[in-house]
Amino acid sequence: MSITTKDRKSIVVVRKFGHNHKLVQKLERMSDLPSIFGSTVATFAVVYSTATMVFVYTVAREHFPQHLVDGVEKYGRKLVNFAFPYSQITFPEFTDAYMRRSEAFTAIQNYLREKASASANRLKADALKDSRSLVLSMDYNEEIADEFDGIKVWWTSNRNHPRSMQISVYPGPGVDEKYYKLTFHNRHKKRIIESYLPKVMEDGKAIGQDNRLRKLYSNNPSKHWNGFNPKWSHVAFEHPASFDTLAMSAKRKKEIINDLDAFKEGREDYERIGKPWKRGYLLYGPPGTGKSTMIAAMANYLKYDVYDLELTTIKDNTELRRLLIDTSSKSILREQEEDDLDPISKEVKKETEDTTESKVTLSGILNCIDGLWSSCGGERIIVFTTNYPEKLDQALIRRGRMDKDIEMSYCCFEAFKVLAKHYLKIDSHSLFEEIGQLLGKTDMTPADVAENLIPRFKDENVETRMNRLIEALKTAKEGEGASRPNEKRKRGCNTRINKREKRNIR
């Protein structure tokens, strides 16, 4: 084993000052000063050489012929690529000068959120528009690594500081420009562009869709449309309905959920057969049977926005098309038939028609839900609700327009058990049998049943509420009379979901 000069010096130092360990360590560090000084000088030399080359290049551009400068640039880039064989792609926050945020930037931000939380040392917290919670992202000049099919890439978050102080509504050269930078080896460029980046965009959009604040839209009268008053107004969609709380038999709910799942996951199937990615539902039944609650449960299950279309405020078919074009994908468009309006709403509608002179026709509606204009946007559900399905025009509910009919009927015993579970927090009771018998002979909507189960005062016990429901059922039965004791009755638990030949596109 050979002993270097540095080792010999250390041995001598230990022999002389072995009893003082701190002094020994200081002397050893002093012995390293020449190497440290040498590396510092080398670094300074690299920096000085680089600065000199930049200065010479600047002078050459001003005094040498252009073709000579171009040649130097060409071979200079080759030299740089040889020394640094990596490619970089920049994704700015804004795509133009009109405050339009880049979808790619937002998707990348969503994609990197979990990775940044796990691996980045410095994070930023921000409350973004339409987001339900704080958004964590990596701070500026922070870098995190990602891997795709064995390929390692690096993401950095950066910003360009303004050169001068400017006050501007829109981002520009004088405003902070945020961007993400992706770095990867040159030999993987094709796979990164063709496979990795599309995956990042798809995953990022899906994450943003799951975390966004969903909205309930209502169309504004067309006379108010302008740059400051859009076609649709919206509020946060916070309806708590779900299929778990929906007063319906488990079998029927499962069938509807399966149909929704097949639609949501069927993009490739719709493209393969050449159909727009949309689906139509017809919800019909007496008032109070849960049609609006069903729409809310569907929206919450799919995580879709809801557009409540009011036809009386639309002048003609052209405005109807403009409204539908302005709706987003991943949404439910709901339209209520005018025969379902109560007397007050009908009077308001009559006054509105006198002022708007609406000329929306049935053919215009059909063209928007099933014609060429129906292909504008994808992943959209159209729901028609009515209390009187027999009054609907057959052209509106024919096959291909309304793909699935769901009857929302009076409360049955299975639906009552769902309500009892959530309102009373019980799964069985001695009064269940009597209530089941009364529900089999009496027309009462789930809304009326629920109203009797809600406590009227604090700490009202279960028996009191159930007895109140029994009395309400007896009263309703006496009001109906005894003329239909043997009549075949339609119940929500026994009525099948009409599908007019279920179109299983799979």
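Among the residues of region 215-240, count how many are surrounded by 14 or more Cβ atoms within 10 Å (Cβ to Cβ) and either under 15 Å from Asp326 (Cα atoms) or not assigned by TED's automatic domain parsing to the domain that holds Leu311 (or both).
13
Please state which one of Asp459, Asp370 is out of contact with any Phe, Trp or Tyr (no Cβ under 6 Å at 6 or more places or on another chain), within 22 Å of Leu302 (Cβ to Cβ) and charged (D, E, K, R).
So the residue among Asp459, Asp370 that is out of contact with any Phe, Trp or Tyr (no Cβ under 6 Å at 6 or more places or on another chain), within 22 Å of Leu302 (Cβ to Cβ) and charged (D, E, K, R) is Asp370.
Failed condition for Leu473, given (1) farther than 30 Å from Val306 by Cβ; (2) surrounded by fewer than 19 Cβ atoms within 10 Å (Cβ to Cβ), with all others met?
That leaves (2) as the condition not met.
Report yes if Val135 is surrounded by 12 or more Cβ atoms within 10 Å (Cβ to Cβ), touching an Asp or Glu at 6+ places or on another chain (Cβ under 9 Å) and modelled with pLDDT of 80 or more, otherwise no.
The answer is no for Val135.
Name the pairs: first residue in region 425-436 and of a type in the set (Val, Ile, Thr), second residue part of a helix (DSSP H, G or I) and surrounded by 12 or more Cβ atoms within 10 Å (Cβ to Cβ), Cβ to Cβ under 6 Å, at least 6 apart or on different chains?
Ile426/Ala420
For residues in region 217-276 being under 22 Å from the mean Cα position of the chain (by Cα), outside any loop (DSSP other than H, G, I, E, B) and among the small types (Gly, Ala, Ser), which is farthest from Phe413 (Cα to Cα)?
Going through the qualifying residues, I end up with Ser233.
The values are calculated or read from the model by the stated rules, or taken from the named source; none is laboratory data. Fair warning: this is a prediction, and the values are worked out from it, not measured in the lab. Note that each Cβ is placed from the backbone with ideal geometry, even for glycine, and that neighbours are counted across all protein chains shown.
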